[in-house]
Amino acid sequence: METKKQIHTIDTGLIDSWDLAVHPIEPILAVGSHIGNIISYNIETGKEISKWETRQQFLLKVVFVSILFFCLFLFFSFLLFFFSLYMVLVLIF
């Protein structure tokens, strides 16, 4: 078995880190806490990139989602909404 070497230590400053996600392409680590804070870090430097606060909302999962996937999700959600609205109007009249 090969021994792994620690490269960086990242102090998140969070008491409870609930979940983390590693970006599939960029060297970014996102850490979420149970009080709703999400902080992203550069893995290579260990420096904080950005911080989001969700107004004390409980955070269960942190994931990176492709923008293409997100756009397709929105498109099909709107398509389903308008189709459902059309069917309701057809049934009423």
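The values are calculated or read from the model by the stated rules, or taken from the named source; none is laboratory data. Everything numeric in this text was worked out from a predicted model, so none of it was measured. Glycine gets a Cβ as well: all are built from the backbone with ideal geometry, and neighbour counts include every protein chain shown.
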| remark: Scanning segment 41-85 residue by residue, those at pLDDT 85 or above, among the aromatic types (Phe, Trp, Tyr) and farther than 18 Å from residue 30 by Cα turn out to be 73, 75, 76, 78, 81, 82, 83
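Results for (1) loosely packed, with under 10 Cβ neighbours inside 10 Å; (2) touching a His at 6+ places or on another chain (Cβ under 8 Å), shown as yes or no for each residue.
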site: 4; (1), (2): yes, no
site: 21; (1), (2): no, no
site: 27; (1), (2): no, no
site: 35; (1), (2): no, no
site: 46; (1), (2): no, yes
site: 52; (1), (2): no, no
site: 72; (1), (2): no, no
site: 87; (1), (2): no, no
site: 92; (1), (2): yes, no
| message | Against the definition (among the polar types (S, T, N, Q), under 20 Å from residue 20 (Cβ atoms), in contact with a Pro (Cβ under 9 Å, 6 or more places away or on another chain) and touching a residue at least 12 places away in the same chain (Cβ under 8 Å)), how does residue 37 come out, yes or no? | response | no
